[in-house]
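Derivation of every value follows stated rules applied to the coordinates shown; laboratory data play no part. Owing to the predicted nature of the structure, the values given are computational and were not obtained by experimental measurement.
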């Protein structure tokens, strides 16, 4: 009986890990796009 309980916990542990790896992405990252360049071009290297 104790072996069956340990085996059940072990399978549950790996099943939860697999669900986190292969499950849907729940991250809510902000939308990003192309960022405008706001610096100065080095004129020495662009002649």
Requested in this report: Would you mind calculating the gained length between residue 38 and residue 9 on full extension (0.36 nm times residue separation, minus the Cα-Cα distance), in nm to one decimal?
Outcome: 4.9 nm
Query raised in the report: To the nearest 500 deg cm²/dmol, what mean residue ellipticity at 222 nm is calculated for the chain from DSSP H runs of n ≥ 4 alone, each contributing -39,500 (n - 2.57), summed and divided by the residues?
Result: -15500 deg cm²/dmol
Report summary line: Rounded to the nearest 10 degrees, the helix 2-22 long axis (Cα) sits at an angle to the longest Cα principal axis of the chain of 20
